[in-house]
1. Once phi is turned into θ = phi - 60°, what whole-Hz ³J(HN,Hα) does the Karplus curve with 6.51, -1.76 and 1.60 give for every residue of region B:451-460, x standing for Gly and Pro?
2. Projected onto the charge dipole of region A:107-194 (+1 at Lys/Arg Cβ, -1 at Asp/Glu Cβ, origin at the Cα centre), which of A:190, A:111, A:150 gives the Cα projection farthest towards the positive end?
3. Which ³J(HN,Hα) values, rounded to whole Hz and listed in residue order, are derived for region A:27-33 from phi using the Karplus coefficients 6.51, -1.76 and 1.60 in 6.51 cos²θ - 1.76 cosθ + 1.60 with θ = phi - 60°, glycine and proline given as x?
4. Averaged across A:149-162, how many Cβ atoms of other chains sit within 10 Å of each residue's Cβ atom?
5. How large is the charge dipole for region A:13-90, taken about the Cα centre, if only the Cβ atoms of Lys, Arg (+1) and Asp, Glu (-1) carry charge, to the nearest 20 debye?
6. Which order do you get for B:426, B:266 if you rank them by accessible area with a 1.4 Å probe, largest at the top?
7. To the nearest 20 debye, what charge dipole does chain A have about its Cα centre, counting +1 at the Cβ of each Lys and Arg and -1 at the Cβ of each Asp and Glu?
8. Which far-off residues, 5 or more places away or on another chain, put their amide H under 5 Å from the one on residue A:129, with H placed in the peptide plane?
Amino acid sequence: MGSSNSSVNNIPNAQELMQETGFSAAHILRLHERFEFLDKHKCGQLRPQDFGAVQELALNPIGDSIISAFFSPGQETVDFASFVRILAHFRPTDRNQSRDGAQQEPANSSIRKLKFAFQMYDQDRDGKISRAELLQVLRAMLGIQVTEEQLQSIAERAIQEADLDRDDAISFDEFRKSLEKVDIDHKMSIRFLR
Amino acid sequence: CHYSRPSPSPSTLLLLLLPSTKPPLPERGLLLLMVLVFLEGSVLPLGAASSPDVTHQANSDNHIVKEAGHNFTKKPFPVLSLDYHHIQAPFEISLWVLLASLMKLGFHLIPRLSGIVPESCLLIVVGLLVGGLIKLAGEQVPPVLDSRLFFLCLLPPIILDAGYFLPIRPFMENLGTILMFAVVGTLWNAFFVGGLLYAVCQIQPGNPSILHQLELLPCLLFGSIISAVDPVAVLAVFEEIHINELLHILVFGESLLNDAVTVVLYHLFEEYAGVGSVTVMDVFLGIISFLVVAVGGVLVGAIYGILAAFTSRFTSHTRVIEPLFVFVYSYMAYLSAEMFHLSGIMSLIACGAVMRPYVEANISHKSHTTIKYFLKMWSSVSETLIFIFLGVATVEGPHNWNWTFVTVTVILCLVARVIGVVGLTYVINKFRIVKLTTKDQFIVAYGGLRGAIAFSLGFLLNKDHFPLRDMFLTAIITVIFFTVFVQGMTIKPLVELLAVKKKQEAKRSINEEIHTQFLDHLLTGIEDICGHYGHHHWKDKLNRFNKKYVKKCLIAGERSKEPQLIAFYHKMEMKQAIELVESGGGVKLPSAMPSAVSMQNIQPKKLPPAKPAERALSNLPKGREEEIRKILRSNLQRTRQRLRSYNRHTLLADPYEDGLGDLLIKKQKMIELERKIKDMNNYLTVPAAPPDSPTMCRARLASDPQAYSMKPEPDSVPTIQVDLASPQSPDSVNLMDEFRRAEQQHEEDQGLMMKPPSGESGPKKPGEEDGSREHKLMRCLSDPGPSADEDEDEPFLP
């Protein structure tokens, strides 16, 4: 198959991506293969329909939200670079990472991971999870087995518990606080992306 | 009759103990303790003295004489006679259990002591004392740590307790690490210790010491016995230090899973020690055997677990025997595994862990409490007995002290453990997401305690095959003592010193639950997108399988379809409602309280506690509370329907549980009643004491003639404490403390304490106030406290 390095060089901006996300060459290669597998029309961009090739996503209650998370607001397609950048969030955190001062927060830090999750709740990107957005998520997760009344109760209670500044919505800080006991580095990491 | 009176020494010693001045309370406790020890010690030789072995001759003589005498003279009818033999065995057993329990009581009367020395050490000392007393009395010490007794009676309750309440999620997440430590670590320890011991014994200089007799295989056997970390000792010590969940599950999981390795090595070496050599074929068979033992044990346990879950599906009409199924199935799983020489411990753990989520969905609330309490009680008593017996067995011997052997063993054990842990962690960290730090490694290494299992295994050795058995036993006991005393006592200060992360006590909030589920789904989705069949993928598949097929089979009725989030939510609502009731609905009392000037003053006091959860709950809109009640009522009505089918003479339906829905309605009625009451004296019906004591709540309601539609037994209402101990109210154990505190606070609060029904912090409150006490009570006084609730909230499979 030739040396992996040469194949990596076929991928545009591979080095830049590796630097930015911390993925190794092997990973970039693997992800590229996957990207090409999903990209049936070979146009170098993915559309939401392309994600349908992954059957398990259909069974996932929040599958649609996940797919839409790959696309920046307003954009209809996602290219390889964005694909990789999104997946970089799920790399296990490197504790001993040394950062130069100028470099921004790496994609797989706890904060960025949380931010990613938060944005999946907060569809309209206003920086807060409103009751309606929470209800939407709950509805998706719990499905038809639960009555509307119960959903409302749960959403109500969740907001009451988390909402510290009493604005009837959950801001990012409140979200972070409610998850402080959960080990985000562990929970939101996929080992194979190390 | 050959009943020897115990020598006067105990009583004289007692007299000597009595000081001239009146001792303060803790010293009085110590005195009581000593009295009890001596009393027990003096009765036991009595029992030992009349054991058939010793007195058989004498008794048969007496018997013959009596018979002979009977034919000739008519003796007067014996009005009162003493027949100890009749009840000897159960009496002695009860005496031992009583001793164990009294010891436990005694230790907690002496707060300083129990803070410094872990309970296990104290119990061993007591065992030594009792054994010493028996020896002093000149009698033969009963062989109490008989291996059969130990493995069949004393060990299972502890393991079942551990298995049933095993926190599945952290266990599964760290399974790889745990298995590495358990299997590879134990193997390493066994061979290292055994091999080096043999080497040392061979090069032992000078006089033809008995050590030269020692061959390689017995050494390896000894190594395998001594290298296993003991779950009983680990539990006993780690319970008190409250270390973070990860370390706890690592050490504890290791101690459980290494049983399979120990069993295989033990049998392997024991078999071939006689022959004298082990071939490659044997080693290969040994490896196969290990797999069979481990997997077989788990399978047996799982099968029994599923059977138990299935049985519990049909118990809705016979609630009384529900706990029995859990216990009997588990015990049979253990015995079945032992029958095939599979790993009984692993089988028991598997059984408990598998059956728990389904059984809990099926059984009634009270059965759940019963199971919990019985398990804690039995395991507690078992543990106490084990340590006491260890002490007694130490005194009895047989001992063969050999300086070289013993010291080398101890040193090698320590060294092997440290090297093993460090080496393995180096390898494991390559695969872990959250790496183990040096501090973690130290605690894991230091927490490798040996215990009674090692001793029992040594005891089982055949003296003919192993002439140096006594030496082995002595060395084993020394290692056990060393680990339990030295390591057990110092681990707590070391944990403090190294600032190791402690256990987090707080409850799971609904937010955490929602978000964790969300993240699970998210990660599964991402894994699918990456095309990677990872951890989450398989977990998700398992969950789906569970939801679709297994739950339908094993859970009765509608609950099989209930999503985990809903179940969790209902549980929280229940807890909240119970707390609301216990606070006397105090928050809702209107300020227009008659003649309650003090009330007005107290009202503002309730606002300062700024916990958001409290505030949230105290400011619940009226409609919200109604909603909660509605949901509760609908749930409780279902429960009540099932409970009504109790047989009249089996159990009285507990008015508290059944009438909870009614209770809430009655509470509101009472509140309205209060509004009309002008007289302060009628506050008998109103929470007169801090409203967070369940007994008070009961007493209040009992005095209200309208409170009950059904007629409970008058004395059972305030005194049923066990039933009240729903997992939600850890107060039940601290009832007496609550009472005392209630009385003390009565003055300050002038009748009505407007403490907000601290939803989240309520159960935490007693924990915070006497934090260490609460924690110590965890296993000892049977109420697991808030931390156990975490385990309950986390299901096996969502």
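1. Taking θ as phi minus 60°, the curve returns x, 5, 4, 4, 4, 5, 5, x, 4, 5 Hz for region B:451-460.
2. A:190
3. 5, 4, 4, 4, 5, 5, 4
4. Values: counts 3, 6, 1, 1, 7, 9, 2, 4, 14, 8, 3, 11, 11, 9.
Going residue by residue through A:149-162 and averaging, the value is 6.
5. On the way: 6 positive and 10 negative charges, 17 e Å.
Charge dipole, region A:13-90, about its Cα centre: 80 debye, nearest 20.
6. Values: B:426 155, B:266 10 Å².
In descending accessible area the options line up as B:426, B:266.
7. Values: 24 positive and 30 negative charges, 152 e Å.
The dipole magnitude comes to about 740 debye.
8. A:170, A:171
The values are calculated or read from the model by the stated rules, or taken from the named source; none is laboratory data. Just so we're clear, the structure is a prediction, and the values are computed from it rather than from any experiment. Virtual Cβ from ideal backbone geometry, glycine too; neighbours counted across all protein chains shown. Ligands, DNA and RNA are stripped out before the accessible areas are found, and what is left, the full protein with its side chains, is counted by its heavy atoms. Shrake-Rupley method; radii C 1.70, N 1.55, O 1.52, S 1.80 Å.
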